[in-house]
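Q: Handing you a structure now.
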Amino acid sequence: MKTPCRTFVSANHSFGVNSGAAAFGLRGPARRQRAHALVHGVPAAATDKPPHVPVLLKEALQALQVGRGEVFVDATFGAGGYSRALLEADDTVRVLAVDRDPDAVAAGAALERRFPGRLRLVTGRFGDVAAIVREAFALENNGYVDGVVLDIGVSSMQLDTAARGFSFLHNGPLDMRMEQSGVSAAEIVNTAAEETLADIFHFYGEEKRARAMARAIVEDRAAKPFVTTADLAALAERVIRREPGIHPATRVFQALRIAVNNELAQLSAALHGAEEVLRPGGRLVVVTFHSLEDRIVKQFLLERSGRGAAASRHVPQANPPAPSFELIERKVVTADAAEVALNPRSRSAKLRRARRTSAPPFPVSSAFSVAIPLAASRPRAGKRRGAS
Ligand SMILES: C[S@@+](CC[C@H](N)C(=O)[O-])C[C@H]1O[C@@H](n2cnc3c(N)ncnc32)[C@H](O)[C@@H]1O
């Protein structure tokens with residue numbers, strides 16, 4: 001593996017750093033508001049609250065160990081919190097930022113202009129990160145980067161925009177498509193077989209009443225299709241018992257979102273992609289928000305660092321591949337009480353980090369797999385503990 005050279009394929013914009021809030025002679029909150037408006041393209045009056053508060057930002061930046069002239073991939077641009085922090089950490093750093101949501105990329109144009117030649121924004125899926133990096137750096141650096149960061153899940157902009165249909169807290173079309181194209185949540189709910197719906201709620205939502213919810217959907221949709229988030233939330237309230245501190249629709253909505261956006265397969269592909277594009281010594285940082293995602297990251301890193309099932313003394317492997325990652329620290333990082341108080345979303349966040357070794361990527365036939373077969377492997381009623 002060769003060490004990358006540092007030339008960056010830049011977007012050419014002329015709107016530079018000096019056009020920021022400082023140039024307007026603003027101070028204190030007004031300056032922060034104006035700066036925020038410049039970055040996010042939101043009018044100053046509407047910027048008291050940032051559109052998305054980055055989670056575990058300090059910890060992510062620390063784990064990325066930003067060095068002079070380094071190139072990073074922010075594979076989940078969102079509102080650009082991580083990209084901005086990387087670009088501000090060192091004025092020679094460059095960032096290739098990716099998001100599958102065209103709204104996120106469009107809103108990021110202002111930040112791209114603020115860092116001409118240093119931030120490049122691409123609409124795409126992080127599952128394709130290896131191809132995206134190769135294309136961006138085709139001639140310049142052999143397709144290698146110094147760091148990849150993933151902050152998985154949905155942004156506050158997506159959750160809080162009723163028209164995107166991600167949340168049971170806002171009534172809107174039952175959509176949930178990050179890419180704004182493809183199969184929507186409503187199409188799945190109105191057309192999938194009962195068994196498939198039960199599998200989605202069971203595997204992706206770990207919902208105990210998966211089967212009952214699927215049955216109720218199939219009964220109700222025969223009379224009237226589900227159109228809005230409120231339609232589905234109302235049914236969940238009827239079918240799923242209320243638990244303290246959690247809305248009955250929480251796991252059903254999470255499961256559908258994962259299914260609509262194929263999120264777990266995307267995450268797995270992104271980890272494999274990062275393994276391909278990180279130079280020796282390059283850093284991988286992943287922030288997840290629920291146990292299904294964290295399990296995938298944990299298993300991947302354990303296996304790649306020689307501590308996974310392949311390294312088990314019970315199932316010894318003849319010639320295990322050399323570790324492609326070393327764990328920077330084994331312990332997972334979580335938000336402290338102060339961050340949780342400021343940003344409750346950070347409560348469930350888990351950050352894992354690792355450093356790329358010089359070994360080649362694991363073969364594709366590696367033991368690591370995250371395929372979750374729908375309709376095939378879920379134990380049927382009566383056999384599964386807690387079956388509903
Ligand atoms: C939690 S937000 C990231 C927030 C960001 N770190 C910030 O500070 O503003 C997650 C973002 O990742 C994007 N995303 C989710 N899955 C993706 C995928 N497979 N490929 C590319 N982007 C994805 C979402 O559209 C969303 O904008």
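Q: Tell me, which residue of the stretch 145-177 that is within 14 Å of the ligand (Cβ to nearest atom) and part of a helix (DSSP H, G or I) is farthest from ASP99 (Cα to Cα)?
A: ASP160
Q: Right, here's the next one. Go through the stretch 51-72 and give me each residue that's more than 13 Å from the ligand (Cβ to nearest atom), β-branched (Val, Ile, Thr) and either free of Cβ contacts under 8 Å to residues at least 24 places away in the same chain or more than 16 Å from ALA136 (Cβ to Cβ) (or both).
A: Selection gives VAL66 alone.
Q: Given the residues ALA104, ALA85, ALA97, ALA130, which is the only one that is in a helix (DSSP H, G or I) and crowded, with 23+ Cβ neighbours inside 10 Å?
A: On inspection, the qualifying residue turns out to be ALA104.
Q: Looking at the stretch 178-209 only, could you name the residues that are in a loop (DSSP other than H, G, I, E, B), within 22 Å of LEU159 (Cα to Cα) and of a type outside the set (Val, Ile, Thr)?
A: Within the stretch 178-209, MET178, GLU179, GLN180, SER181, GLY182, SER184, GLU206, GLU207 qualify.
Q: While we're looking at this one, here's another question. Can you tell me which residue within the stretch 237-276, out of those that are buried (at least 23 other Cβ atoms within 10 Å of the Cβ) and β-branched (Val, Ile, Thr), is nearest to GLU194 (Cα to Cα)?
A: For the stretch 237-276, the residue satisfying everything is VAL252.
Q: Another question, if that's okay. Pairs needed: first member in the stretch 169-192, over 18 Å from GLU263 (Cα atoms); second member anywhere, part of a loop (DSSP other than H, G, I, E, B) and within 15 Å of the ligand (Cβ to nearest atom); C-beta distance under 7 Å; at least 6 residues apart or different chains.
A: GLY172/GLY165; PRO173/GLY165
Q: Could you name every one of the helices (runs of 4 or more DSSP H) located completely within the stretch 210-269 that has at least 2 residues being within 22 Å of the chain's Cα centre (by Cα) and either away from the ligand (no atom under 16 Å from the Cβ) or under 16 Å from ALA185 (Cβ atoms) (or both)?
A: Filter on the stretch 210-269 gives 250-261.
Q: Can I ask one more? Identify the single condition in (1) within 11 Å of the ligand (Cβ to nearest atom); (2) surrounded by 24 or more Cβ atoms within 10 Å (Cβ to Cβ); (3) under 18 Å from ARG113 (Cβ atoms) that ALA75 does not satisfy, given that it satisfies every other one.
A: Every condition holds for ALA75 apart from (3).
Q: Scanning the stretch 33-72 for residues that are modelled with pLDDT under 90 and among the hydrophobic types (A, V, I, L, M, F, W, C), which turns out surrounded by the fewest Cβ atoms within 10 Å (Cβ to Cβ)?
A: Of everything passing the filter in the stretch 33-72, ALA45 is surrounded by the fewest Cβ atoms within 10 Å (Cβ to Cβ).
Q: OK, next. For the list (1) within 13 Å of the ligand (Cβ to nearest atom); (2) in contact (Cβ under 8 Å) with a residue 24 or more places away in the chain, I need the number of the one condition that ALA106 fails.
A: (2)
The values are calculated or read from the model by the stated rules, or taken from the named source; none is laboratory data. All values reported here derive from a predicted model rather than from experimental measurement. Counting neighbours? That spans all protein chains shown, and the Cβs are built from the backbone with ideal geometry, glycine included.
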